[in-house]
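Written below as structure tokens is the structure these notes are about.
Every read-out reported here was derived from the displayed coordinates using simple, explicitly stated rules and does not represent laboratory data. The structure presented is a predicted model; accordingly, all values stated were derived computationally and were not measured. Please note: Cβ atoms are built from the backbone with ideal geometry, for glycine as well, and neighbour counts cover all protein chains shown.
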Amino acid sequence: MKRIVFVTCIGSLALALTAWGAPRSKTASESTRGGSARSAHIVSAKAGGHTQSMRTARSFSAARSHQHAITARSPARSSSFARARTSSRSNRLETAGAGSTRTADVRKSAVARNRTAIGRERTVARANATRVNRSEAARIRNARTNRNTLALNKQRNLSMARNVAINRGTNARIVNHWRNARFRNSSYAAFYNYNRQWHDRGWWRSHHSRIVFVLGGWWYWNAGYWYPAWGYDPYAYYPYDGPIYGYGNLTPDRVIVNVQVALQQQGYYPGSIDGDIGPQTRGALAAYQADHGLAVTSAVDKPTLETLGLA
């Protein structure tokens with residue numbers, strides 16, 4: 001009897017402890033499942049030959065502990081799974097963001113390189129254009145300077161030639177007659193022996209095979225000199241009446257052109273190069289002959305052409 005009472009007390013105490021430790025927010029379904037689990041463990045006791053069944057404290061404690069373990073593991077697993085999913089999603093988002101950032105950086109770098117290359121090409125093109133413009137400007141400046149220098153030198157030469165012709169005009173007068181002793185040597189025999197001859201066209205053609213029309217009149221060739229063919233044409237014009245030394249099979253006008261160029265280069269002749277042996281050309285010849293110790297014939301003679309380096 002004492003044993004039964006002791007067991008009953010212990011069972012009651014176990015039930016009281018279990019009820020006090022159980023969660024208050026249990027649902028009706030959890031109470032039902034817990035009750036069915038607790039009913040699985042029954043303790044049998046004999047009292048006066050009668051068998052009695054009672055729930056032990058161990059059965060209730062085991063059931064309660066199992067239920068608490070299930071309840072405790074389920075939220076933990078759910079929260080762990082949720083955290084894992086959240087972490088995985090965050091990692092994917094971070095990876096995608098990092099990839100997008102790298103792609104944007106690569107694109108920005110490519111754009112920057114392209115802009116740098118374009119800027120460099122533009123800079124080189126501008127530098128080349130500037131260099132070409134500067135070279136062209138320098139060439140134009142040099143050409144202008146050269147033209148101005150040539151014009152200035154030409155003006156100076158012409159001025160000097162005019163001064164020479166003016167200052168020496170009194171000392172080297174134009175000579176029209178060559179009968180003095182200075183012209184008796186062989187170098188001036190053509191001038192010393194010169195006499196104007198009048199003949200008609202037929203006579204000139206029968207006595208001279210080479211007759212040309214230049215300087216406004218007709219000229220015939222004889223013994224190295226050109227002479228006026230007076231009477232060949234009644235309307236012919238001769239600004240100069242006298243011999244002209246010829247060389248290189250040139251006509252009289254071409255010989256005069258070469259003489260004018262040579263005298264102008266040396267500052268004696270300021271006039272135009274026209275092949276006409278007028279007063280200005282004869283004055284330049286007289287000044288040149290006087291300066292170089294030649295007989296002043298005021299004409300194109302052999303010693304003068306040799307001194308000028310033409311014959």
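Please identify the chymotrypsin sites (Phe, Trp or Tyr not before Pro) of the range 213-310 that satisfy two criteria: DSSP loop assignment and at most 16 other Cβ atoms within 10 Å. Which are they? Could you put the intermediate results ahead of the total?
Values: sites: PHE213, TRP218, TRP219, TYR220, TRP221, TYR225, TRP226, TRP230, TYR232, TYR235, TYR237, TYR240, TYR245, TYR247, TYR268, TYR288; in loops: TYR232, TYR235, TYR237, TYR240, TYR247, TYR268.
The qualifying sites are TYR235, TYR237, TYR247.
Once label points are set 7 Å from the Cα along Cα→Cβ at both HIS199 and ALA16, what is their separation, rounded to one decimal in nm?
Using points 7 Å along Cα→Cβ, the separation is 18.4 nm.
Which loop-located trypsin sites (Lys or Arg not before Pro) does the range 205-311 contain, where loop means any DSSP state but H, G, I, E or B and the Cβ has at most 14 other Cβ atoms within 10 Å?
Answer in residue order: ARG210.
How would you classify the range 200-254 from its alpha-carbon gyration tensor, with a ≥ b ≥ c the square roots of the eigenvalues: rounded for a/c under 1.5, else prolate if a/b is greater than b/c, otherwise oblate?
Values: a/c = 1.95, a/b = 1.22, b/c = 1.59.
Cα axes put the range 200-254 in the oblate bin.
Excluding ASN133 itself, what net charge comes from residues whose Cβ is under 14 Å from its Cβ, given Lys and Arg +1 and Asp and Glu -1?
Its environment carries a net charge of +4.
Provide the packing ranking of 125-133, 299-307, i.e. peptides ordered by the mean count of other C-beta atoms within 10 Å per residue, highest first.
299-307, 125-133
What distance in nm separates the two pseudo spin-label positions at ILE140 and ASP105, each 7 Å out from Cα along the beta-carbon direction?
5.3
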